[in-house]
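The values are calculated or read from the model by the stated rules, or taken from the named source; none is laboratory data. What you are looking at is a predicted structure, and each value in this text was computed from that prediction instead of being measured. No Cβ is skipped: glycine too gets one built from the backbone with ideal geometry, and neighbour counts run over all protein chains shown.
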There are 2 protein chains.
Amino acid sequence: MTVELVEVDSRAPKILIIGGGAVAIPYAWRLQKGGAEVSVVCRSNYGLVAKEGFMVNSEVYGTEVFKPNKVFSSAAEFEDDSFYDYIFVCTKTLPTIANPADEVQRFVKSDKSIIVLIQNGIGIEKPFVEHYPKNPLISAIAYVAASRKDNIINYGKLLLLEHAIYKSQAISPESGNAISNGLQKMFNKAGIDIKMYENSEKMRWRKLVINATFNPITVVAGGYRTDEILLIPEGNDLFRKAMRELLLLARIVLKEPLYDVSDEQAIDNSFKLFATNPLKTINSTLSDFLNKKPLEHEVMLKNAIEIANKHGFPVPILSTVYTLLVLLEKKNI
Amino acid sequence: MTVELVEVDSRAPKILIIGGGAVAIPYAWRLQKGGAEVSVVCRSNYGLVAKEGFMVNSEVYGTEVFKPNKVFSSAAEFEDDSFYDYIFVCTKTLPTIANPADEVQRFVKSDKSIIVLIQNGIGIEKPFVEHYPKNPLISAIAYVAASRKDNIINYGKLLLLEHAIYKSQAISPESGNAISNGLQKMFNKAGIDIKMYENSEKMRWRKLVINATFNPITVVAGGYRTDEILLIPEGNDLFRKAMRELLLLARIVLKEPLYDVSDEQAIDNSFKLFATNPLKTINSTLSDFLNKKPLEHEVMLKNAIEIANKHGFPVPILSTVYTLLVLLEKKNI
């Protein structure tokens, strides 16, 4: 495994990105700029992207056309036997519709390919470990404020990736470390702010506290942006109470606090992060809802609620929001 | 007071009904049939009603044109100095928009007029007792499945009125009893099923358990009918949990259980009542929401939440639903 990684370092890394959405493309663009060979599997925007590439507008890096090395339209159309060092899974996680690991089957041709899950929610790694037990698996969280329309991506200053090797018996701790470091170096070379975690669980819960509250509540409240609800006292209070449930639940699951600061301070910090929104972007759940697409409520809410139930810990606000989101989705699609 | 009542009994009672909505009109029609003189103050549908009357379609009583004895358009236009035995207040209760007692000021010309509040929510009597301390006040709850479009009212089999004299120092217990009996007789004569309570509080909480759960949840879930959500397991479960909060809260407030049966049995009974809906009617809150009108969330939810807070009793589901309803309303109107 280590020998492989030395080889990877010595040539341009080859990356396949599954998902041509607003979260994936800013990274894809910068990674190509950093020297990687980046191919993208798009679905809804394939036609435009194959013809024109992506038009990326960044507050930091300016406006440019980003042409992936190759563009593929879907798993069914995918015919490429070359070896990819990294397979980035940047699609939505909808386990009630299909097994997320089955969906990427056609792309994973070697157990040497490192699978990188850049997705929200908790419990998302399990189907991948089961299906690809020999592939190194990196669990990652993207912090990027971005919006997409067709092949146009707008994004702001924030472009951070958090990651951790997903620990499994097939990968030794040393190999795991080397793999994480390889990813880190590649992102650093691309000028992307990156943070490595020892263990993916804490990293995922931290993002969950944001995703499982802001995202669904903006939808069930009628289609506000997060920064708009934060300004309405009742909405601000509801966010706070929902976050408290998750911070307490995370403390029970992780057997330690999620943050070094108090829960109230952690909430205040999240609020500050979302209080301004110069791009007026809406979150992915609201965007999916408005586009009548299925919502990621299973990995963002239901998995957390089931964990809470197992621990006998009440999460009435999350449960209420989850149920309303499921009902709204049924009406909407 | 008793002498007055004997006089009322000996001639046709004169009733002024404030509000030409689906809840009031079925009673108004039957009361007129029963011999009362019934005038109605309409707002949105005044033009049509003044010209044509109401077209009432009842499963029990058939279809007929109901012409009130007089029709008035609004408080501002109201010019009638005659004495009304009863003033039925059947408008929505929106204390954040205006004081409900102020709104009926022009209609209450004598402190002998019996004010009958046929409205949902709790805590609604207070402003009336303060403004009209000498008038007998009857607190009432309507059970009627009905819908209105313009001047057309459709309603089903259910036509029940529950009522209780609102106890105050100005009215002796004997007078109070006589007043309640007078109302009871008048409704019996009109063939309307009626139930008298000793104390209005229990009566109002029983209706609240239904109104503060079914009504707002059908709105925040995206516009279902109650019977539709009852068929969806997640929705059914949410109704149940929300009702549990209210049944427990009512037990604390009333210092006795709200029903003789267990809370779970009481919930099952409510579910049975709403499981079928042959008229496919939607509840008043959803109807108001779809018509972009203000919602009755203060007396149906906020008053209950404030009482819960005073008792230190957590009602997270109700609070969440309340907040979402307020946010939805802000977006909607």
Could you list all residues from the range B:221-244 that are assigned to a helix (DSSP H, G or I), under 22 Å from the mean Cα position of the chain (by Cα) and within 12 Å of another protein chain (Cβ to nearest Cβ)?
B:239, B:242
Those residues of the range B:82-97 which are at pLDDT below 90 and either small (Gly, Ala, Ser) or closer than 14 Å to residue B:136 by Cα (or both), in sequence order:
none
Does residue A:96 meet the test of being among the polar types (S, T, N, Q), crowded, with 20+ Cβ neighbours inside 10 Å and under 20 Å from residue A:128 (Cβ atoms)?
no
Check on residue A:333, on the phi < 0 side of the Ramachandran plot, more than 9 Å from every other protein chain (Cβ to nearest Cβ) and at pLDDT below 95
yes
Among A:75, A:101, A:50, which is the only one that is surrounded by 14 or more Cβ atoms within 10 Å (Cβ to Cβ), among the aliphatic types (A, V, I, L, M) and without any contact (Cβ under 8 Å) to a residue 24 or more places away in the chain?
A:50
Criterion: surrounded by fewer than 22 Cβ atoms within 10 Å (Cβ to Cβ), hydroxyl-bearing (Ser, Thr, Tyr) and either touching a Pro at 6+ places or on another chain (Cβ under 9 Å) or more than 14 Å from every other protein chain (Cβ to nearest Cβ) (or both) - qualifying residue of A:147, A:200
A:147
The residue from A:217, A:179 that alone is away from chain B (no Cβ under 14 Å) and either assigned to a helix (DSSP H, G or I) or modelled with pLDDT of 95 or more (or both) is A:179
Somewhere in the range B:187-198, is a residue in a helix (DSSP H, G or I), without any contact (Cβ under 8 Å) to a residue 24 or more places away in the chain and not hydrophobic (A, V, I, L, M, F, W, C)?
yes
State all residues of the range A:99-123 that are in a loop (DSSP other than H, G, I, E, B) and closer than 19 Å to residue A:21 by Cα; if no residue qualifies, say none.
A:104, A:107, A:119, A:120, A:121
In the range A:282-330, the residues that are within 11 Å of chain B (Cβ to nearest Cβ) and of a type in the set (D, E, K, R):
A:302, A:329, A:330
For the condition among the small types (Gly, Ala, Ser), in a loop (DSSP other than H, G, I, E, B) and more than 24 Å from residue B:188 (Cβ to Cβ), what is the one hit in B:50, B:75?
B:75
Within the range B:53-72, residues part of a loop (DSSP other than H, G, I, E, B) and free of Cβ contacts under 8 Å to residues at least 24 places away in the same chain come out as B:67
Please go through the range A:262-309 and give me each residue that is touching a Lys or Arg at 6+ places or on another chain (Cβ under 9 Å) and among the basic types (Lys, Arg), ordered by number.
A:280, A:293
Give the residues of the range A:26-47 that are hydroxyl-bearing (Ser, Thr, Tyr) and not in a helix (DSSP H, G or I), sorted by residue number.
A:39, A:44
With the requirement that a residue be outside any helix (DSSP H, G or I) and either touching a Leu at 6+ places or on another chain (Cβ under 6 Å) or assigned by TED's automatic domain parsing to the domain that holds residue B:141 (or both), what does the range B:200-214 give you?
B:212
